[in-house]
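Here the structure comes first, spelled out in structure tokens, and everything after it is commentary.
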Amino acid sequence: MSAASDPAPEIKAHFADGRTAKVREVELEFASDALEIRQAETTLERWPYREIALVEERFGDAPMRLKRSEAAGRLTIAHGGLIRALVERAPQLSGKLRHTLSLGGLTKWALGVGAAALIVYLLIAEMPAIAARVVPLKWEEALGEAVVKQVTFIFARTSNVCAQASGTAALERLSGRLTAKLKTRYRFKIIVLDHGMVNAFAAPGGHIVIMRGLIDKAAGPNEVAGVLAHEMGHVVERHSTESLFRAIGFNLIAATLIGNTTSMGSALAELGTGLASLSYGRAAERQADAVGVSLLNRAGISGEGLAAFFARIAAGRDKDKSKKPEKGKGVSAKKKAENSGGSTIWGYLSTHPPSTERAQRIKAASTGRGQAMSAGDWAALKAICK
Amino acid sequence: MNTPPDAGPPVSPPPQPTQPAESPATESPTYEGKAREVFVLALRNAGLTLITLGIYRFWAKTRMRQYFWSHVAFHGERIEYTGRGKELFLGFLIVLGIGLVTLLPYQLGLNYVARINLPLYFAGVLLLYLVLMFLYWSAVFFARRYRFSRTQWRGIRAAQTGSAWEFGFLGLGCTLLNVITAGITVPVTSIWVNRYLMTRTMFGPHTFAFEGRGGRLYGPWMIVWGVSVAGFLAMVGIIAALAVAMTGSGTAPDAPNVQRMQTIIPFLYAGWIALTLVMYGWYRVVQFRRFTEWTRYETLSFASALPARRVIGMILLYMLVVVVVLGILIGIAVAAGFSMIHLAMDPRATTIAVAAVMVVYLPAASIARYLIVVHGVAGALCRTLEVRGSLDYDALEQSAEAMPKRGEGLAEMLDVGGI
């Protein structure tokens, strides 16, 4: 550790001044406040220690490349002793790239993070409801059609849209009865999908999709009517339109987070936010319940059905033993299992979390006593997929 | 005070600045990246990207570039990447914002137009595709301009001049021409595109020169084109023959036969795609070698002997890794009883799937890409590149070309490839 000996002549650094591509062999002088870059007794540049920065992360014993602030000149030091001597005077060079923290920089970052948080909040919390109010009906109907198409496409392998004439007529009579006294801008378009999942959902613009499984598992017409009225509540309150806009906002954020918009990650994010958006928050479910019960009341249909349906679905969690054989279309065993009760829990429960409180509230608000459909209509509806 | 306290042994041999006049006639750049370092860096980046929900990726990309750039040296001096993560991030945010206020309403409007006027809808979709294609080529230009402006060697910056508008229209026109001619014009258009870029690429005050001759690309291209077309015809032929064999008895094809066809066709199709891709990969390497030959910089000329086998092998290995990772994920999903329907209808299932992709697939794919494709090819690329001639470094001055402030936003949005 000889502190004061002259450096050997070969211990030199390399310097490119950023004006020409010339790389010179230079000597380094450690002055008290600055590094002097010298060649043949002339000082080429003086770099104050505080302004010296690493050009890049160093790996292993790679030569150290240095710059002065953001200037183009570059100093390369390979010699271990020189590096140590410099690091002693410019400690910021000891580790990895380090950016200095300044108040201005911190303010900028805080503003940036705040702005990003505000954008996220607006996109997810505020924009959807506003957009759902202002979107023209025609646009909303087109959006709903696209959603229904997407869903029927996903289910296309195992299901079809059921269009048995007398069943369709029965369904139309039911929806007509429910909406007779309802003033709304929507025309309801209700389809039944031939699939065993116990579920129903509303898409924007008055589209409602009922899965065959829900009709199969219903104890009577009042349960189907209750669920239908509830979904109509979602339509009237524009919940699905709102959640679709929320999904779009979500997608944008997911695309920002995951990266390339065409990558597989964001494709999944889209799937996740797009269709899962068919489940709404608890407040929205309560609203839809309230609208649904008022529709039932006005039509004189008992609301007990909807309450009972929730109770039965919750009970169905245990196990579903009445596995109905699928109409054979060469479907595999796996698909059969998926079509039967196995998906009950995954279906209605996950998009409409039932609770005793909800059932009780429905019962309390219900004034109707009547049946939703005639026995003949109910039989026709049950056979709509035949 | 003016001497280092400890004049220990050099930690690595000092770089040798070559004196211009005496430099050897031919020299290759060197790549000294280490697989272990690339792996650790990529792993760390993947972890940080994950816990920041993806935001870190701009900084991650910057670190990777910095690593690869700084491990390539020529004439004893390492290249340098001066870009910053913040620049990439800001560029991305701006493009995202513009996309949000333009493409989103357009898409929603199209949805509506589809119901009232079908021809107008198709015109709208066509226009959208044309605009996106134009934007793709502009993105290629913006990304290249950013990367070159952030590349520096011996203290001198590189630059890409020209206009993203011009290049966007050139690229759009070339793509349309290639589509119309079923790919026959690919060698010519690729030369046009490359000439536009190279003759506007600068290092210091001087511009690169590029003199392409389509004739020397047509041989390889016609082989690729011919094999691909022949493969396609063979595929169609096999399917037709099978269909005839099945229905030959005059009866309608029964369910098992239809099912058999349904399993055979995807395999044939995948085989054809794989064949075409491998052939195309080979062509791209050949094209790269020719383009290198046709490029000049002042007194320097270039040659490349990049082996196609190496590049294709690395890309196939990378694809294998990705397929295996995906296969394992899908296997687990199937074993757990997931199906497309759950993914579509159940928020929990979709959440799990998205999480699995973010935690397993994206990090694995990113690490594999850097380690196998970029690191694996960089060494071969440098070793096989020959630079002839010498430069007068004393006379090579910094150019006054202004640097773009932000980077690559459009490329990020449109998934333009590259490191």
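The table below gives the values:
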| read-out | value |
| --- | --- |
| In nm, spacing of pseudo-spin labels at A:Phe153 and B:Glu293 (7 Å Cα→C-beta vector) | 4.7 nm |
| Proximal charge balance of A:His234 [Cβ under 12 Å; K/R count +1, D/E count -1] | -3 |
| Value of relative contact order over the range A:44-189, rounded to a whole percent, pairs C-alpha under 8 Å and six or more apart | 14 percent |
| Highest-first arrangement of B:185-191, B:290-296, where packing means the average Cβ count within 10 Å | B:185-191, B:290-296 |
| Karplus (6.51, -1.76, 1.60) ³J(HN,Hα), θ = phi - 60°, over the range B:63-72, in Hz, Gly and Pro reported as x | 5, 5, 4, 4, 5, 5, 4, 6, 9, 9 |
| Table column - 3J(HN,Hα) (Hz), the range A:205-219, Karplus curve with 6.51, -1.76, 1.60, x for Gly and Pro | x, x, 7, 10, 10, 10, 7, 4, x, 5, 5, 4, 8, 6, 6 |
| FRET efficiency, 1/(1 + (r/R0)^6) with R0 30 Å, evaluated for B:Arg216 and B:Asp392 via beta carbons | 0.45 |
| Threshold 20 Å², the range A:157-200 residues less accessible with all protein chains present than alone (1.4 Å probe) | A:Met197 |
| Three-way shape call for the range B:92-192 based on the alpha-carbon gyration tensor, with the a/c threshold at 1.5 | oblate |
| Förster radius 51 Å - calculated FRET efficiency between B:Ala240 and A:Arg46 (Cβ-Cβ, nearest 0.05) | 0.05 |
| At most 14 other Cβ within 10 Å, DSSP loop - trypsin sites (Lys or Arg not before Pro), the range A:104-201 | A:Arg157, A:Lys181, A:Lys183, A:Arg185, A:Arg187 |
| Under-5 Å amide H pairs with A:Met197, H placed in peptide plane, nonlocal only | A:Gly213 |
| B:His71 long-range amide H proximity, modeled H, under 5 Å | none |
| Inter-site label distance for B:Tyr280 and A:Ala71 at 7 Å from Cα along Cβ, in nm | 4.9 nm |
| Relative contact order of the range B:27-111, pairs being alpha-carbon contacts under 8 Å that are 6 or more residues apart, as % | 28 percent |
| Calculated from backbone phi, Karplus (6.51, -1.76, 1.60) coupling profile of the range B:320-333 in Hz, x at Gly/Pro | 4, 4, 4, 5, 5, 4, 4, x, 4, 4, 5, x, 4, 4 |
| A:Lys138 paired with B:Ile273, simple spin-label distance in nm, labels 7 Å along Cα-to-beta-carbon | 3.9 nm |
| Distant-in-sequence amide H partners of B:Arg154 (H built 1.01 Å from N, under 5 Å) | none |
| Summed buried accessible surface, chains A and B, 1.4 Å probe, nearest 100 Å² | 7300 Å² |
| FRET efficiency estimate (nearest 0.05) - Cβ-Cβ, B:Leu233 to A:Glu126, R0 56 angstrom | 0.50 |
| Neighbour net charge for B:Ala164 - beta-carbon separation under 11 angstrom, K R +1, D E -1 | +1 |
| Surrounding net charge for A:Glu145, when Lys and Arg each add one and Asp and Glu each subtract one, Cβ distance under 11 Å | +2 |
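The values are calculated or read from the model by the stated rules, or taken from the named source; none is laboratory data. If you're wondering where the values come from, they're calculated on a predicted model, not measured in any experiment. In this analysis, Cβ positions are derived from the backbone assuming ideal geometry, glycine residues included, and neighbour counts consider all displayed protein chains. The protein model used for the area step is the full one, side chains on, heavy atoms only, and it has no ligands, DNA or RNA in it. Shrake-Rupley method; radii C 1.70, N 1.55, O 1.52, S 1.80 Å.
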